[in-house]
Amino acid sequence: MSDLKIQKAVIARDQERAEIDLTAHEAARDEAVRRLRLFAEKRLLEGTGDNLQPEKVELAANPAVELARRIEQALANIPADEEAWKRVQSGIQQQFSELNNQLGMRGYHPQAEIIEEGVFAITCEFHGQSRTVTALRKSLSDEMQSAIRCSTQGARGYRESSHR
């Protein structure tokens, strides 16, 4: 009988440990999902070129895990050692300063926001909307293409009217 009680106590203890571990893993997963949502909300994933920015930023656990796996694959060949991290950190200020100078000359003023320790989001107002640098680049490119089309059509119309 005592062996049975010992086995039952061991099983109960193992079950309690498993429940504690499960709770800890769920908390870690929830925190990781929260941080991934934050990245998605700030549209920090759109500049990767790997189509990682989700359309919906309210990610449930399973879609977040799938997205995290895709991000991990995309980053597999990116150096992540201490030296690489130091290079990135030292370059952030310089790159932001250069961006600020270039955009400032054109009347745009980028803003750097620290969204979490070690995570920066750079945005810039354009046509009354705050845009990420990637979205700003696309918007400016689209606007330039539109201006070129209008200019080309205007020049074509001018040539046609002057040849009549």
Taking only C-alpha pairs under 8 Å that are 6+ residues apart, what is the relative contact order of the chain in percent?
-> 12 percent
In range of the label at E116: residues from region 1-37 whose backbone nitrogen is under 20 Å from the point 7 Å along Cα→Cβ = 23-37
Estimated FRET transfer efficiency (E16, E72; beta-carbon r; R0 41 Å; 0.05) | 0.80
In sequence order, calculated HN-Hα J values of region 65-72 (Karplus, 6.51, -1.76, 1.60; Hz; x Gly/Pro) = 5, 4, 5, 4, 5, 5, 5, 4
With R₀ set to 30 angstrom, the calculated FRET efficiency between the beta-carbons of R35 and M105, to the nearest 0.05, is 0.30
Region 1-94: which trypsin sites (Lys or Arg not before Pro) are DSSP loop and have at most 14 other beta-carbon atoms within 10 angstrom?
-> K56
The helix 2-41 Cα axis meets the longest alpha-carbon principal axis of the chain at an angle in degrees, between 0 and 90 and rounded to 10, of 10 degrees
How many angstrom separate the Cα center of region 107-151 from the Cα center of region 43-95?
-> 19 Å
Please give the net charge around E19, taking every other residue with its beta carbon less than 14 angstrom from that of E19, where Lys and Arg add +1 and Asp and Glu add -1.
-> -2
For helix 82-104, what angle does its Cα long axis make with the longest principal axis of the chain, in degrees from 0 to 90 and rounded to 10?
-> 30 degrees
Against the longest alpha carbon principal axis of the chain, how many degrees, from 0 to 90 and to the nearest 10, is the axis of helix 133-162 turned?
-> 20 degrees
Sequence-distant or interchain residues sharing an amide H contact under 5 Å with R131, placed H: which?
-> C124, E125, F126
Among the lysines, which have Cα under 18 Å from the Cα of K42 when same-chain residues fewer than 8 positions away are ignored?
-> K56, K138
Using the beta-carbon distance between T23 and E55 and R0 = 35 Å, what value does 1/(1 + (r/R0)^6) give for FRET efficiency, to the nearest 0.05?
-> 0.65
Given (1) 1.09; (2) 1.26; (3) 0.96 as possible values of Rg/Rh (Cα atoms, Kirkwood Rh), the one from the coordinates is (2)
Taking only DSSP H segments of four or more residues, each worth -39500 (n - 2.57), what value at 222 nm results for the chain once the sum is divided by all its residues, to the nearest 500 deg cm²/dmol?
-> -23500 deg cm²/dmol
If we count GluC sites (Glu not before Pro) as exposed when they sit in a DSSP loop and have at most 13 other beta carbons within 10 Å, what is the longest stretch of the chain that avoids them all?
-> 59-116
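The numbers here are math on the coordinates, done by the rules we state, and not lab data. None of these values were measured; they are calculated from a predicted model. Here Cβ is always computed from backbone atoms with ideal geometry, including for glycine, and neighbour counts include all displayed protein chains.
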